[in-house]
Amino acid sequence: MTRGVGGGKGFARPAQGGSPPISTRLRVAVLGSLLAFAAAAYMDFVFAPEDSLQGPVQRIFYLHVSSAIAAYACFALVLIGGILYLRREDPRPDRLARAAAPVGLLLTSVTFVMGMIWAKPIWNWDPSKTWDARLSSTAVLWAVYAGYILVRRFAPPGRTAARLAAVVGIVGFVDVPVVHFSVLWWRTLHPQPVIETGALPASMLAAWLVTLLAVLLLTGTLVATRYVTERNRELAEARRDRHELVRLESAAEVP
Amino acid sequence: MTFAACALAVARKDLLTEWRSREVLPALAQFVLLALVVTLFAFDLDAASAARIAPGVLWLVVLFAGLVAFGRAFAAEKVQASLEALLLTPAGPVAIFAGKALAAAAVLLACEAVLVPGIGVFLGVGLPPLAVAAVLLSTAGMAALGCLFSALAVQTRARELLLPVLALPIWIPFVVYGAAALTGRAPQALANLLALDILVVVVAGLAARFVLDD
Amino acid sequence: MKPAIEARGLTQRFGRQLVLLDIDLQVAAGERVALLGDNGAGKTTLLRLLATVARPAAGELRLLGLDAVRQRSALRSRLGWLAHEPGLYPALSARENLEFFCTLHGLPRGRAVECLEQLGLTDDALRPAAELSRGRRQRLALARTLLHDPELWLLDEPDSSLDAAGRDLLGRLVSGRTLVFATHDRGLADELDARVVELRAGRVLDRGALQVVR
């Protein structure tokens, strides 16, 4: 109870001993993501063979599925962060959830756009003629986490925002399995998963794994950057609060 | 006092208030009928197309009527500042939430009692019984989620504005299974709806404490 | 004897704004304390912390020997909280308002009638709360606070809109009880034989930072 918003644990401290400062580690992560994406581009466009049925457009698959998985990972972070926050009111998991939500939203958008580009030549897809369950349910998922960000914006800042957003993040995640199983439930254009079933050739699988790694690395970098930004902002606010406290206390002593 | 007695007392209080003041129900009934009139003008209907769109109209009107019904559930307690008095009783936030959700579900049920025959009268087609069963089955889960988000929304600057944004996407699975109930896999779809109801009621019950109380 | 309230370093903020700063307060059992101060000095904020309807951003608070945050649910039904808004249900009669809270407290319904009588509301028992005058509504809210005979009373401007007879009633009601109340009226503090604690806004930033003046 004595822990104020953003108070106490988890603040940025000057780098100690051998570990490099956070900004350096973030730069390394950004560089690593770039290299991983270069490798993924090589794997996806050069190394992997062209699909005999779909032609070059099939290569969208690698990024499409990878960003979908990364988006789910972000929403899982929002869920876990929310649960941990509600249990112990620790500002750190809330900050993690706050950092992960917009990244998840971005990745959902990427998945969405990639899927539409892929679908256009393959199914001759046109939203006004063909309705796809997976497409609609991804739109739903997007709306849930857009709502999460709106709650954070409109709720009274601090503890109330963290508490209410945590609830939205937890309840919203209930939607995720429903979204996933809706594909199995509805006869739909969307192809059934090929990865678990082993229908994917080994070279394509390798390309996909490299892409997945690159996307996850980028996701981690983005979430970490946002986390550090939020932490620095809270730190600045706490510092300003302390100044204000000192001023108010000295003012109150005046008779 | 037991959980059930407290929840029922809260539900009874809300329904008695609604019965005496007659605020929400007449407005909702009129909303439902107007939505059907708009449907008549908005679509070029013949006997075949009316039968095809009737279940969709049913779902659309239920969703939007639900937003109105649930949006008011916690607004009054917040404005009258009576929620704090409730929270200081031994009833507990979950029982209070359950009572409010129960009353809101009853209001939505009353609304559906106008809507189902209304579709028969205005569109001139009978609804498939399975569609009606799916809507009735969904009412419990929709009320649990709707009241949760209603209690959440009144604490924000955006107030009622936030309720549709939060509730509609999370209600979609009800519509998905509701529509699936008409596709020849009805028993499975209805079973899924029931499972979804149970899941949602449990989750909303667990979350209610964190929404109602600081 | 164990103190009824032990508060150390209570701090509260709304968003970025500090409204309570490092408040220490000790109230002995059986003692009455009047919180005085200008508008915005933080009287209501402090009372809300003491009533456990809000939690402090920092500081420690023990009420009736229990931790106000960790043992909140065990503590709450022993508190009597009357906010600035009476928090009544306008469509319910005076007696129904009280009977509803009797149910939630697990008290027999007869207790409602007793409390109405004590506050001189017997003649108004069947009138809807919306039709009562403001003074009568305040009396009804006091009756609700009395229902479960709380050990610690927390009243926000209990004298608002009470007439002379109402003030006498209030004095009789709280005599010998442990009570913290907010008021603008020094006379009421004398009438209720209360120790005065003054809250004062910080001057520099013109924000509600306070210091307890003993």
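Before moving on, here are some points about what is shown:
- Flag not set for A:PHE75, criterion: modelled with pLDDT of 85 or more, farther than 30 Å from A:GLU237 by Cα and open to solvent by less than 70 Å² (accessible area, probe 1.4 Å).
- Search result, residues across the stretch B:53-99 that are in contact with a Gly (Cβ under 6 Å, 6 or more places away or on another chain) and at the interface with another protein chain (Cβ under 9 Å from one of its Cβ atoms): B:GLN80, B:ALA81, B:SER82, B:ALA85
- Of all residues in the stretch C:13-40 being acidic (Asp, Glu) and assigned to a strand (DSSP E or B), the one that is nearest to the other protein chains (Cβ to nearest Cβ): C:ASP22
- Selection count where residues are among the charged types (D, E, K, R) and touching a strand residue (DSSP E or B) at 6+ places or on another chain (Cβ under 7 Å), scope the stretch C:169-185: 1
Yes/no per residue for (1) at pLDDT 90 or above; (2) under 18 Å from the mean Cα position of the chain (by Cα):
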position	(1), (2)
C:GLY40	no, yes
C:LYS43	no, yes
C:ALA57	no, no
C:LEU61	yes, yes
C:ALA74	no, no
C:GLY80	yes, yes
C:GLY87	no, yes
C:PRO90	yes, no
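Okay, residues lined up against (1) touching a Ser or Thr at 6+ places or on another chain (Cβ under 9 Å); (2) surrounded by fewer than 16 Cβ atoms within 10 Å (Cβ to Cβ):
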| residue | (1), (2) |
| --- | --- |
| B:CYS6 | yes, no |
| B:GLU18 | no, no |
| B:VAL24 | no, no |
| B:LEU45 | yes, no |
| B:ARG52 | no, yes |
| B:LEU58 | no, no |
| B:VAL61 | yes, no |
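- Candidate set: the stretch B:154-190, residues that are among the small types (Gly, Ala, Ser) and more than 10 Å from chain A (Cβ to nearest Cβ); chosen: the one most open to solvent (accessible area, probe 1.4 Å): B:GLY184
- Looking only at residues in the stretch B:107-120 that are of a type in the set (A, V, I, L, M, F, W, C) and without any contact (Cβ under 8 Å) to a residue 40 or more places away in the chain, the one that is surrounded by the fewest Cβ atoms within 10 Å (Cβ to Cβ) is B:ALA113.
- The test for being at pLDDT 90 or above and closer than 18 Å to B:ALA103 by Cβ holds for B:PHE70.
- Residue in the stretch B:99-106 that is under 25 Å from C:HIS84 (Cα atoms) and open to solvent by less than 30 Å² (accessible area, probe 1.4 Å) present: yes
- Within the stretch C:93-106, residues that are at positive phi reach partners that are open to solvent by 10 Å² or more (accessible area, probe 1.4 Å) with beta carbons closer than 7 Å, at six or more positions or on different chains, in the pairs C:GLY106/B:MET1; C:GLY106/B:PRO90.
Residue-by-condition table, conditions (1) more than 17 Å from C:GLY87 (Cα to Cα); (2) touching a strand residue (DSSP E or B) at 6+ places or on another chain (Cβ under 6 Å); (3) open to solvent by less than 40 Å² (accessible area, probe 1.4 Å):
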{"site": "C:ALA112", "(1), (2), (3)": "no, no, yes"}
{"site": "C:GLY135", "(1), (2), (3)": "no, no, yes"}
{"site": "C:LEU140", "(1), (2), (3)": "no, no, yes"}
{"site": "C:ALA143", "(1), (2), (3)": "no, no, yes"}
{"site": "C:TRP153", "(1), (2), (3)": "no, yes, yes"}
{"site": "C:ARG167", "(1), (2), (3)": "yes, no, no"}
{"site": "C:LEU199", "(1), (2), (3)": "yes, yes, yes"}
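- Matching helices (runs of 4 or more DSSP H) fully within the stretch B:61-158 where at least 3 residues are within 20 Å of the chain's Cα centre (by Cα): B:75-80, B:93-123, B:129-153
Let's see how each residue does on (1) modelled with pLDDT under 75; (2) open to solvent by less than 30 Å² (accessible area, probe 1.4 Å); (3) not in a helix (DSSP H, G or I):
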site	(1), (2), (3)
A:ARG152	no, no, no
A:VAL167	no, yes, no
A:ILE170	no, no, no
A:LEU184	yes, no, no
A:HIS190	yes, no, yes
A:ALA199	yes, no, yes
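- For the stretch B:63-94, the tally of residues that are within 30 Å of B:LEU130 (Cα to Cα) and either touching a strand residue (DSSP E or B) at 6+ places or on another chain (Cβ under 6 Å) or open to solvent by 40 Å² or more (accessible area, probe 1.4 Å) (or both) stands at 3.
- Identity of the residue in the stretch C:59-91, assigned to a loop (DSSP other than H, G, I, E, B), in contact (Cβ under 8 Å) with a residue 60 or more places away in the chain and more than 9 Å from chain B (Cβ to nearest Cβ), that ends up surrounded by the fewest Cβ atoms within 10 Å (Cβ to Cβ): C:GLY65
- Residue in the stretch B:39-62 that is among the β-branched types (Val, Ile, Thr), modelled with pLDDT of 90 or more, touching a helix residue (DSSP H, G or I) at 6+ places or on another chain (Cβ under 9 Å) and under 27 Å from B:LEU206 (Cβ atoms) present: yes
- Flag for C:ARG177 being out of contact with any Ser or Thr (no Cβ under 9 Å at 6 or more places or on another chain) and at pLDDT 90 or above: yes
- Within the stretch C:46-58, residues that are within 7 Å of chain B (Cβ to nearest Cβ) have Cβ atoms under 7 Å from residues that are in a helix (DSSP H, G or I) in these pairs: C:VAL53/B:GLU84; C:VAL53/B:LEU87; C:ALA54/C:ARG48, counting only partners at least 6 apart in sequence or on another chain.
- Taken over the stretch C:92-109, residues that are outside any helix (DSSP H, G or I) and open to solvent by 30 Å² or more (accessible area, probe 1.4 Å) amount to 4.
- Being more than 23 Å from A:LEU150 (Cβ to Cβ), facing chain A (nearest Cβ under 10 Å) and either open to solvent by 60 Å² or more (accessible area, probe 1.4 Å) or assigned to a helix (DSSP H, G or I) (or both) is a condition met by no residue of the stretch B:203-214.
The values are calculated or read from the model by the stated rules, or taken from the named source; none is laboratory data. All values derive from a computational prediction rather than experimental measurement. Cβ sites come from the backbone with ideal geometry, for glycine too, and all protein chains shown count toward neighbours. Just so you know, the surface numbers come from the protein's heavy atoms only, side chains and all, with ligands and any DNA or RNA stripped out. Shrake-Rupley method; radii C 1.70, N 1.55, O 1.52, S 1.80 Å.
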